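S.K.: Quick one: the structure is below, and I'll ask about it shortly.
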Amino acid sequence: VAIKGLSGAGKTTLLMAIMQVQPLAAGAISYAGVSLDTVAPAHLYQRISLLSQHSPVFMGTIRHNLLLSDPTATDDQLWQVLAQVRLAEQIKDIGGLDAWVGEGGNTLSTGQVRRLSLARTLLSAASIWLLDEPTAGLDKSTADAWFNDLQHLAKGRTVIIVTHAELPVGVVDQT
């Protein structure tokens, strides 16, 4: 599902309410007939992964940042997810999985930080992905290619995308 609207319309606020980070001013949010306000946050966070507009990259290595989502992931899985977000070649060029990213990812470009954060989301075992402007900072061809891959990457998951981007045809079932 894509959620679109003018800046300030409440799209990000909705995602924050789903994650119980921000209370709703009115109404309720349910999933599969269960009101989310009755779900313990720890359980909710196991089921839902949020890629926020400002998802952090932590001081450490590429590997360290990716293993936060799945501590059991193998190097092959890490390279696969980096390829899925079209970042593998650039990571190889800077030293591979053990390349140091610095505080806030300051050794990476804005687009690389965004794709590393996307890769972390893709590694998550969560059955629901909340993606807030997932392709912000990416060039149009990279963003379109990623959106076109999303159906395959998210197979079996519920995906809610908040975006201003024009989505390629067939990326979402509903807007």
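S.K.: Residues that are open to solvent by 50 Å² or more (accessible area, probe 1.4 Å), in contact (Cβ under 8 Å) with a residue 40 or more places away in the chain and closer than 22 Å to S7 by Cβ: does segment 164-174 have at least one?
M.R.: So far as segment 164-174 goes, yes, one or more of its residues are open to solvent by 50 Å² or more (accessible area, probe 1.4 Å), in contact (Cβ under 8 Å) with a residue 40 or more places away in the chain and closer than 22 Å to S7 by Cβ.
S.K.: Separate question: Which condition number does M59 fail, the rest of (1) touching a helix residue (DSSP H, G or I) at 6+ places or on another chain (Cβ under 6 Å); (2) touching a residue at least 60 places away in the same chain (Cβ under 8 Å) being met?
M.R.: With (1) touching a helix residue (DSSP H, G or I) at 6+ places or on another chain (Cβ under 6 Å); (2) touching a residue at least 60 places away in the same chain (Cβ under 8 Å) applied to M59, the lone miss is (2).
S.K.: Spot the failing condition for L97; the list is (1) modelled with pLDDT of 95 or more; (2) crowded, with 21+ Cβ neighbours inside 10 Å; (3) in contact with a Lys or Arg (Cβ under 7 Å, 6 or more places away or on another chain), and only one is missed.
M.R.: Condition (2) is where L97 drops out.
S.K.: Those residues that are farther than 14 Å from E133 by Cα, touching a helix residue (DSSP H, G or I) at 6+ places or on another chain (Cβ under 6 Å) and either among the aromatic types (F, W, Y) or open to solvent by less than 70 Å² (accessible area, probe 1.4 Å) (or both), I need them from segment 4-30; list them, please.
M.R.: Answer for segment 4-30, where residues must be farther than 14 Å from E133 by Cα, touching a helix residue (DSSP H, G or I) at 6+ places or on another chain (Cβ under 6 Å) and either among the aromatic types (F, W, Y) or open to solvent by less than 70 Å² (accessible area, probe 1.4 Å) (or both): Q20, I29.
S.K.: In segment 31-61, which residues are open to solvent by 70 Å² or more (accessible area, probe 1.4 Å) and touching a Gly at 6+ places or on another chain (Cβ under 7 Å)?
M.R.: Of everything in segment 31-61, just one residue is open to solvent by 70 Å² or more (accessible area, probe 1.4 Å) and touching a Gly at 6+ places or on another chain (Cβ under 7 Å), namely M59.
S.K.: When segment 72-83 is examined, which residues are found to be of a type outside the set (A, V, I, L, M, F, W, C) and not in a loop (DSSP other than H, G, I, E, B)? Before the answer, list the steps.
M.R.: From segment 72-83, those of a type outside the set (A, V, I, L, M, F, W, C) are 72, 74-77, 80; that's our starting set.
Matches in segment 72-83: D75, D76, Q77, Q80.
S.K.: Would you check if A25 is closer than 18 Å to R120 by Cα and among the small types (G, A, S)?
M.R.: It is false that A25 is closer than 18 Å to R120 by Cα and among the small types (G, A, S).
S.K.: Shifting gears a bit: Among the residues of segment 62-82, is there at least one that is modelled with pLDDT under 95, open to solvent by 30 Å² or more (accessible area, probe 1.4 Å) and among the basic types (K, R)?
M.R.: No, segment 62-82 contains no residue that is modelled with pLDDT under 95, open to solvent by 30 Å² or more (accessible area, probe 1.4 Å) and among the basic types (K, R).
The values are calculated or read from the model by the stated rules, or taken from the named source; none is laboratory data. Small disclaimer: the values here were computed from a predicted structure and weren't measured. Positions of Cβ are generated from backbone atoms using ideal geometry, with glycine treated the same way; all protein chains shown enter the neighbour counts. Remember, those area values only see protein heavy atoms, side chains included, never the ligands or the DNA or RNA. Shrake-Rupley method; radii C 1.70, N 1.55, O 1.52, S 1.80 Å.
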